[in-house]
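K.L.:
First the structure, then my questions, so here it is.
The values are calculated or read from the model by the stated rules, or taken from the named source; none is laboratory data. This structure is a prediction, so every number in the text was calculated from the model and none was measured. Heads up, the Cβs are rebuilt from the backbone with ideal geometry, glycines too, and the neighbour counts pull from every protein chain shown. Each accessible area value is taken on the protein alone, full model and side chains, heavy atoms only, with ligands, DNA and RNA left out. Shrake-Rupley method; radii C 1.70, N 1.55, O 1.52, S 1.80 Å.
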Amino acid sequence: MIPNTPIRTDRIAADIDALAAITEPGRPYTRRAFTPMFLEGRKWLEKAMREAGAVTRIDAAGNLVGTIPGKRPELGTIMLGSHSDTVPDGGRFDGIVGIVAALEVARGLLDRGMVLDHTLEVVDFLAEEVSIFGVSCIGSRGMSGTRPAEWLARTADGLTLEQGISQVGGEARLPAQRDDIKAFLELHIEQGPVLQDEKLDVGVVTAIAGITRLEIIVEGRADHAGTTPMGSRKDALTTAAWIALGVEELGRALASGEAHFAATVGEFGMTPNAANVVPARVRMLIDARAERRDDMDRFVDELDRGVAAIAQKTGVTVSVPRIVSDNQPMPCNAELLDVLDAACETAGARHRRMASGAGHDTAWMARITRAAMIFVPCADGRSHTPDEFATSDDIALGASVLLDAVLALDTKLQGNT
Ligand SMILES: [Zn+2]
């Protein structure tokens, strides 16, 4: 129990345990979108939403939505939620805590006999994680009208995505974009160690980092590893190693500023990959994430220049880094950030502002409404593993911040539509 609020830690703990039990047998915790387990989890959630006083439905985009009509529904909707799907062998908290906290806010209001002026909705977005169809945030993209039309023809397990959405109860051909949502808030585990290291309770998320992926091909020459003198080789691997170190150095330099930045050589493959052959070719894929677009532009520029300089030094051909995918950073709504900071003070949560290096449904919702999110600590920053852990007390404190923010917004957003 968090003092002076109706938020109950025991209910949060029970919800998390109940959802954790709905997993593929012998494979905790696996509840991937579009699977029977996922639908079973949703059945549980629907019941929990109804018990919290909500009317439930599946929207056209395949999201599970619980609605508690406000006293003045013409004011529009305040929406809370996250996702209940997991990665294979994932955790019990990623996404789930956001729905459980939203449910607890609804139950807390119900316990106090309070009905908002705005309509309150709790949402479980469809397939936030990379799904069997190879794409992510399917539900929040649907609700924000940003789901590419060509995605519907993607196939997996003998199904098209369109059929997948209809199997969960959606109707992909119908418009799902909402225009009545006045604010969206998501609570999520941090998936990093900052809050734990700094002994803080809540991170108020300033922006969801943009992600740019770049491919580099290094073309050396295969030669006999025993007979080719050291001075006359074109070794693709050693050149690629210089590049990888350069990516790290550049990433560290950009990360030393105020804004979040991270760069990783996440994929790396060489051929022929044989003990007695000088490496002929390397393909590397760089994942770079920036809170500020100008940091990303600088990274790409300096990477271009650095790669050319390394190629000149080693005499090995290196391709110009090719941008494979490129998403802009998405700032959270400034008005909501102030409301969340104030709610942290009210709830007695030690807090700081921070960017999210991971993608979230909030980034898509920010396209159609005021959107923001808060992080709660998770043990050692671990996530996407069964070892993922967050305490019920920390989640409950986050939920009480959400509740305070919702109450503040219910007043603040009137006449400010
Ligand atoms: Zn998540």
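K.L.:
Enumerate by residue number the trypsin sites (Lys or Arg not before Pro) in the range 56-155 meeting two conditions: DSSP loop (anything except H, G, I, E, B), and at most 15 other Cβ atoms within 10 Å of the site's Cβ. Can you show the working numbers first?
P.N.:
On the way: sites: R57, K71, R92, R107, R112, R141, R154; in loops: K71, R92, R112, R154.
Here the sparse-neighbourhood loop sites are K71, R112.
K.L.:
If you don't mind, another one. For the peptides 122-130, 164-172, what is the packing order when you average, over each peptide's residues, the other Cβ atoms within 10 Å and list the highest mean first?
P.N.:
122-130, 164-172
K.L.:
Need one word for the chain: rounded, prolate or oblate. Basis is the Cα gyration tensor (sqrt eigenvalues a ≥ b ≥ c); a/c below 1.5 gives rounded, then a/b vs b/c decides.
P.N.:
On the way: a/c = 2.18, a/b = 1.85, b/c = 1.18.
Here the chain falls in the prolate category.
K.L.:
While we're on this one: How do D10, D179 stack up against each other in accessible area, from largest to smallest, with a 1.4 angstrom probe? Present the calculation step by step, with values, prior to reporting the outcome.
P.N.:
Details: D10 85, D179 135 Å².
Ranked list, largest accessible area first: D179, D10.
K.L.:
Now for a separate question. Along the Cα-to-C-beta direction of L110, a point sits 7 Å from the Cα; which residues of the range 43-63 have their amide N less than 20 Å from that point?
P.N.:
43-59
K.L.:
Take a quick pass over the chain and tell me how many lysine pairs come in under 27 angstrom between Cα atoms, counting only ones 8 or more apart or on separate chains. If you can, show how the numbers build up before the last one.
P.N.:
Working: K47/K71; K47/K182; K71/K182; K71/K412; K182/K412; K234/K313.
Within the chain, the lysine pair count is 6.
K.L.:
While we're on this one: Non-local amide H neighbours of S82 (under 5 Å, H modeled in plane, Pro and chain starts lacking H): which ones?
P.N.:
Amide H to amide H, under 5 Å and 5 or more residues apart or across chains, S82 pairs with I99, V123, F125.
K.L.:
Measure nothing fancy, just the Cα-based angle from helix 293-314's long axis to the longest principal axis of the chain, in degrees from 0 to 90, nearest 10.
P.N.:
So the inclination is approximately 20 degrees.
K.L.:
Suppose we keep just the DSSP beta bridges with both residues in the range 1-126; what percent of those would be antiparallel, to 5?
P.N.:
Numbers: 9 of 16 bridges.
Counting DSSP beta bridges with both partners in the range 1-126, the antiparallel share is about 55 percent.
K.L.:
Turning to a different aspect of this structure: For the ranges 187-195, 113-121, what's the packing order if you count other beta-carbon atoms within 10 Å of each residue, average per peptide, and put the highest first?
P.N.:
Values: 187-195: 22.4, 113-121: 19.3.
Listed from highest to lowest mean packing, they are 187-195, 113-121.
K.L.:
Amide H neighbours of M373 under 5 Å, counting only residues 5+ apart in sequence or on other chains, H built in-plane at 1.01 Å?
P.N.:
Counting only residues 5 or more places away or on other chains, the set is E186, V205.
K.L.:
May I ask you to order 319-329, 241-251, 370-380 by the average number of other C-beta atoms within 10 Å around their residues, highest value first? Write down the numbers at each step before the final one.
P.N.:
Values: 319-329: 14.3, 241-251: 17.7, 370-380: 24.6.
Peptide ranking by packing, descending: 370-380, 241-251, 319-329.
K.L.:
Follow-up question, since we're still on this one. Choose one answer from A54, A358, A290: the residue with the largest mean-square fluctuation in a GNM of the chain with alpha-carbon springs under 10 Å.
P.N.:
The residue with the greatest mean-square fluctuation here is A358.
K.L.:
Using a 10 angstrom cutoff on alpha carbons, build the Gaussian network for the chain and name the most mobile of T227, T35, T314.
P.N.:
Result for the chain, Cα springs under 10 Å: T227 fluctuates most.
K.L.:
Here's a follow-up. Distance between Cα centroids, the range 288-344 to the range 23-57: provide it in whole Å.
P.N.:
Going from one Cα centre to the other spans 37 Å.
K.L.:
A further question on this structure: Mind pulling the angle between the C-alpha long axis of helix 392-412 and the longest principal axis of the chain? Nearest 10 degrees, somewhere in 0 to 90.
P.N.:
Once rounded, one gets 70 degrees.
K.L.:
Now for a different question. On C-alpha positions alone, give me the angle between the axis of helix 236-255 and the longest principal axis of the chain, in degrees, nearest 10.
P.N.:
Rounded to the nearest ten degrees, it is 40.
K.L.:
Using a cut-off of under 18 Å, list every residue of the range 211-242 whose amide N is near the label point 7 Å from the Cα of V277 along the Cα-to-beta-carbon line.
P.N.:
Only 218-229, 233-240 pass the distance filter.
K.L.:
Before rounding to the nearest 500, sum -39500 (n - 2.57) across all DSSP H runs of length at least 4 in the chain and divide by the residue total; then give [θ] at 222 nm in deg cm²/dmol. Numbers along the way, then the final one.
P.N.:
Details: 11 runs with 143 residues, N = 417.
After summing the helix terms and dividing by the residues of the chain, the value is -11000 deg cm²/dmol.
K.L.:
Please figure out what share of the DSSP beta bridges in the chain is antiparallel and state it in percent, rounded to the nearest 5.
P.N.:
Numbers: 43 of 66 bridges.
In the chain, approximately 65 percent of DSSP beta bridges are antiparallel ones.
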